[in-house]
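Read the figures in this text as sums done on the coordinates, not as results from a lab. From a predicted model like this one, the values you see are computed outputs, not experimental measurements. Glycine also receives a Cβ, built like all others from the backbone with ideal geometry; neighbour counts cover every protein chain displayed.
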Amino acid sequence: MVDVNQAVFDPGNDFHGVIAGVHEMLRQQGLLDGIWCLDPAEGLSAGQAEEIERVRHAYPALNDDAFIAENLEDWLR
């Protein structure tokens, strides 16, 4: 769990990519089309997207992918 939190919330880079990291997790789950932030200076830290992808594959039990896939169409109506 700590591994996932570090990838998403980016403490190793003083939380620079925290908002974009949450958006990237949601994008990889199919819930967002992009990782845009209100502040154009906000963004992922170098390698953060790949790290999020790595932890999603390393800890599949922590993902809600099946739940999202089952319900996404209904949510978008």
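In region 18-54, what residues are small (G, A, S), over 27 Å from L76 (Cβ atoms) and surrounded by 15 or more Cβ atoms within 10 Å (Cβ to Cβ)?
So in region 18-54, the residues small (G, A, S) come out as 20-21, 30, 34, 41, 43, 45-47, 49.
Pick out the ones that are also over 27 Å from L76 (Cβ atoms) and you get 41, 45-47.
Hit for region 18-54 is S45, nothing else.
Inclusion of I68 among residues that are surrounded by 11 or more Cβ atoms within 10 Å (Cβ to Cβ), within 12 Å of the chain's Cα centre (by Cα), among the hydrophobic types (A, V, I, L, M, F, W, C) and farther than 13 Å from H16 by Cα is not warranted.
Residues of region 1-10 being crowded, with 18+ Cβ neighbours inside 10 Å and not in a helix (DSSP H, G or I), which ones? Steps first, please.
Taking region 1-10 first, the residues crowded, with 18+ Cβ neighbours inside 10 Å are 4, 7-8, 10.
Correct list: D10 only.
Within region 11-43, the set of residues being free of Cβ contacts under 8 Å to residues at least 24 places away in the same chain, in a loop (DSSP other than H, G, I, E, B) and of a type in the set (A, V, I, L, M, F, W, C) comprises F15, L32, I35, W36, C37, L38, A41.
Residues that are assigned to a helix (DSSP H, G or I) and within 13 Å of V8 (Cβ to Cβ) within region 59-73 comprise just one, L62.
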